[in-house]
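Worksheet: one structure, shown below.
The values are calculated or read from the model by the stated rules, or taken from the named source; none is laboratory data. On a predicted model such as this, the values are computed, not experimentally measured, just so you know. Using ideal geometry, Cβ is built from the backbone for each residue, glycine included, and neighbour counts are taken over all protein chains shown. These accessible areas exclude ligands, DNA and RNA; they are computed on the full protein's heavy atoms, side chains included. Shrake-Rupley method; radii C 1.70, N 1.55, O 1.52, S 1.80 Å.
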Amino acid sequence: MATLTMKEIREMFMERLNIKTIDDKAKLKDLGLDSLDVVEMCISLEDSTGIQFETTELNGIESVADLFSTIEKKLNEKAE
C-alpha cells in the first residue's frame, strides 16, 4: 500500500474540488461538499492508505481543518 503524505492528500483534495488553494478554516459545505462527499473521499483514502475511519469521526468533520486533522491523526496512528 502506498503511503501518502499530507501534502499529497491536500493536493488530491484540491484537485478533486478543482481549486488551486485551500483555506483550512473553510467549511466543507461552503466548498460544495456534503457529508456523502466526505465519506467518499475517506473511503478512497482508506483504500489507498490502509487507514480506517470510524463513522463517529466522520460525523464531526465540518471544516477543512477538521478533515485534515482527522486524516493526519489516522496516518500517525497507522505509523506507530
Inspect the stretch 42-53 for any residue being out of contact with any Leu (no Cβ under 9 Å at 6 or more places or on another chain), acidic (Asp, Glu) and touching a residue at least 24 places away in the same chain (Cβ under 8 Å) and give the result as yes or no.
-> no
Would you tally the residues in the stretch 3-29 being part of a helix (DSSP H, G or I) and not charged (D, E, K, R)?
-> 7
State whether one or more residues within the stretch 62-80 are assigned to a helix (DSSP H, G or I), among the hydroxyl-bearing types (Ser, Thr, Tyr) and at pLDDT below 85.
-> no
Kindly establish whether residue 49 is under 16 Å from residue 6 (Cβ atoms), open to solvent by less than 60 Å² (accessible area, probe 1.4 Å) and touching an Asp or Glu at 6+ places or on another chain (Cβ under 8 Å).
-> no
Among the residues of the stretch 30-46, write down those that are out of contact with any helix residue (DSSP H, G or I) (no Cβ under 9 Å at 6 or more places or on another chain) and either over 18 Å from residue 72 (Cβ atoms) or not in a helix (DSSP H, G or I) (or both).
-> 30, 36, 40
Just for the stretch 2-29: of the residues that are closer than 18 Å to residue 73 by Cβ and loosely packed, with under 15 Cβ neighbours inside 10 Å, which one is farthest from the chain's Cα centre (by Cα)?
-> 3
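Does residue 43 meet the test of being of a type outside the set (Ser, Thr, Tyr), open to solvent by less than 30 Å² (accessible area, probe 1.4 Å) and modelled with pLDDT of 85 or more?
Judged against the criteria, residue 43 is not a match.
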Residue hits (the stretch 1-54; within 13 Å of residue 67 (Cα to Cα) and small (Gly, Ala, Ser)) are 26, 35
